[in-house]
1. Sort out which residues of the stretch B:1-28 are within 8 Å of chain A (Cβ to nearest Cβ) and at pLDDT 90 or above, and write them in order of number.
2. Of A:T393, A:T402, A:T379, which residue is touching a residue at least 40 places away in the same chain (Cβ under 8 Å) and farther than 30 Å from A:G211 by Cα?
3. Would it be correct to say that A:G137 is modelled with pLDDT of 95 or more, open to solvent by 10 Å² or more (accessible area, probe 1.4 Å) and either farther than 24 Å from A:A334 by Cβ or within 16 Å of ligand 2 (Cβ to nearest atom) (or both)?
4. What pairs can you find where one residue is in the stretch B:37-61 and of a type in the set (S, T, Y), the other is within 16 Å of ligand 1 (Cβ to nearest atom) and open to solvent by 10 Å² or more (accessible area, probe 1.4 Å), and their Cβ atoms are less than 6 Å apart, with a gap of 6+ or different chains?
5. Near ligand 1 (Cβ under 8 Å from one of its atoms) and either open to solvent by 20 Å² or more (accessible area, probe 1.4 Å) or small (G, A, S) (or both): which single residue out of A:E67, A:E40, A:E53, A:E30 fits that description?
6. Among the numbered criteria (1) within 13 Å of ligand 2 (Cβ to nearest atom); (2) in contact (Cβ under 8 Å) with a residue 40 or more places away in the chain; (3) over 21 Å from A:G46 (Cβ atoms); (4) more than 7 Å from every other protein chain (Cβ to nearest Cβ), which one does B:A79 miss?
7. Restricting attention to the stretch A:389-402, which residues are buried (at least 21 other Cβ atoms within 10 Å of the Cβ) and in a loop (DSSP other than H, G, I, E, B)?
8. Give A:Q113, A:Q157 a once-over and let me know the one that is facing chain B (nearest Cβ under 8 Å), away from ligand 1 (no atom under 11 Å from the Cβ) and open to solvent by 10 Å² or more (accessible area, probe 1.4 Å).
Amino acid sequence: MTDPVTNPHWDVVVIGAGPAGLAAATLLAEQKTSVLLVDEQPEPGGQIYRGIERLQAGSAKAHILGEDYVYGADLVRRFRSSAASYRPETSLWHVTPKLELFVSRGGVAETLQASQLILATGAMERAVPVAGWTLPGVVTAGALQILLKSSGLVADQPVILAGSGPLFYLLATQCLAAGVPIAALLDTAKARHMFGAIGALPRALTGAGPGYLSKGVKLMRALRQSGVPTYRGVEDLQILGENRVSEVQFRSGKRKHRLKAGIVALHEGVVPMVNATRMLGCEHTWDDRQHAFHPVTDTWGATSHAGIRVAGDAAGIVGARGAEHQGGLAAVGALHDLGRIDSARRDRLASAEMRALEAHMTARPLLDRLYPPRAEIKTPGDDIVVCRCENVTAGAVRQLATQGLGPNQMKAALRCGMGPCQGRLCGDTVAQIIADTRGTAPRPSDYYNIRAPLKPVSIGEISTLGERR
Amino acid sequence: MFTRLTQDSAASDQTIEFTVNDRKVVARMGDTVAAALLAAGEMQFRISPSADKPRGPYCMMGVCFECLVTIDGRAGRQACLTAVKSGMQVIIPEGGRND
Ligand SMILES: Cc1cc2nc3c(=O)[nH]c(=O)nc-3n(C[C@H](O)[C@H](O)[C@H](O)COP(=O)(O)OP(=O)(O)OC[C@H]3O[C@@H](n4cnc5c(N)ncnc54)[C@H](O)[C@@H]3O)c2cc1C
Ligand code: FES
């Protein structure tokens, strides 16, 4: 390993130690390229393989999280035994057009120089703006999984799980296996989407599709047989409480329900994390099927900016195995751009990755059509807080949208998107409210302009830069 | 609020001591500060300056910034992205403003 502190210049810097970033960095190192992998988490693995290095074979945790989780151990081991350098707990917060990267670790900032940048920053759970979602005790379903993966922590008071989608059902079965006291499962999926999705079935039966589908069927069966009280077609979810969550209220069919809750976990699918590519001014597009923005990329992950690639869920949701192969393709593309391999060798290195990627993608359109986010999440009612940081409601955004104002004017007028999260949790909602008011699909310009720093940095942090330079 | 998985074996369960507002708390190796605080029964991490209402961790993965606390004198650190270390001094500014 090259010492990351003394070497400020890298052939390739990869941001994100999930499957995409790990695969990219490992391949680059194996091809004798100087590569640094940067991730803001304390351990490698990204969202799916979080905490994998501390996993003991045959432990309760391995059993609960399942074989798709355990799979990641080899990926991380291969990365560790490569010559790639690695910096955990390090956040990227600025990139110049010349690929000078500004990162911070533990409140200390510094700069790195890259010839090529691969952003493998993954996905985040879609914001679920409902009444009361800002109360302490309301978390994402992924947050519960993170506590389980990294700390073996499980809730010991009644948990209400609310949401839909493949990851939601996976998380629910993991919670069950871990002995989390699930008071109720509120399934927000709509049966009518079944019909619309049928057209995507034939393709889903090819490649790795059947494997994904049979796993899904098993999950659903396990949930049905668990005896957990389940409510279907859930709408009008409201979370109630004074200084923390105490109850939920919702409608299922024609009936209204009210249940006690200690913790409420929400999940409505995942969306690409676009803040870095937005800051860089890369071209983005709205994906009607995934109901999200993603940067425009080619086969090799190349964006509209020379030298900057995106791989994995950050470029559009592809799932963990798809992300791994996209990481490989981005690495091969970078090698070619660096002049280390010619086109013929590039294509040879890429062909297996391409085939595998294609096989893992066959079921994706079916899943996207089965579990679209429901309207009340995409364009919430007027009273709902959409910007958590600055406490801005959907109604305030809608009013300005009606007057023809765009997202950046709203930032100035309402401060939405100006808080520490920099619009990560409200950007998509604001864009969808603007588009809905106009009566069209969201356009890339409906999303905020994102400026550096991507993370709040203190003056103290910036001054540490001066000392080092 | 949260308990440790009892079935898991002990080898990875090396404990660490740190303080939260001068209270001694035991965490496990591999915990983030946010996980350790939740395990210690803390649910409210900050008061939102705009809403003047309590907030706690929402995403646990660095996205929401609702977990901001003061760690070893540095304010506004994301507790869910920081590994807990022995002797760390964490401050949850109760009723205070933290960003
Ligand atoms: C909470 C959560 C849980 C999930 N659990 C599962 C699961 O159990 N099973 C499953 O099949 N899929 C799961 N997914 C979907 C899953 O994210 C992906 O399919 C897969 O992990 C994508 O891999 P990736 O390499 O693209 O990105 P990720 O695995 O998301 O990795 C991205 C990495 O980039 C880092 N990063 C982001 N921004 C920065 C920055 N500015 N500076 C430094 N580092 C940065 C992050 O810390 C992260 O480690 C989950 C998603 C989420 C959000
Ligand atoms: S809990 Fe969301 S950023 Fe830490």
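The values are calculated or read from the model by the stated rules, or taken from the named source; none is laboratory data. Bear in mind that the values here come from a model prediction, so they are computed numbers and not experimental data. As a convention, Cβ positions derive from the backbone with ideal geometry for all residues, glycine included, and neighbour counts pool all protein chains shown. What goes into the accessible areas is simple: the full protein's heavy atoms, side chains included, and nothing from ligands, DNA or RNA. Shrake-Rupley method; radii C 1.70, N 1.55, O 1.52, S 1.80 Å.
1. Those that are within 8 Å of chain A (Cβ to nearest Cβ) and at pLDDT 90 or above: B:F2, B:T3, B:R4, B:R28.
2. Numbers: A:T393 fails: touching a residue at least 40 places away in the same chain (Cβ under 8 Å); A:T402 fails: touching a residue at least 40 places away in the same chain (Cβ under 8 Å).
None of the other options fit; the residue is A:T379.
3. Against the criterion (modelled with pLDDT of 95 or more, open to solvent by 10 Å² or more (accessible area, probe 1.4 Å) and either farther than 24 Å from A:A334 by Cβ or within 16 Å of ligand 2 (Cβ to nearest atom) (or both)), A:G137 does not qualify.
4. B:Y58/A:V139
5. Values: A:E67 fails: near ligand 1 (Cβ under 8 Å from one of its atoms); A:E53 fails: near ligand 1 (Cβ under 8 Å from one of its atoms); A:E30 fails: near ligand 1 (Cβ under 8 Å from one of its atoms).
From the options A:E67, A:E40, A:E53, A:E30, the qualifying one is A:E40.
6. That leaves (3) as the condition not met.
7. Matches in the stretch A:389-402: A:C389, A:E390.
8. Numbers: A:Q113 fails: facing chain B (nearest Cβ under 8 Å).
Result of the check over A:Q113, A:Q157: A:Q157.
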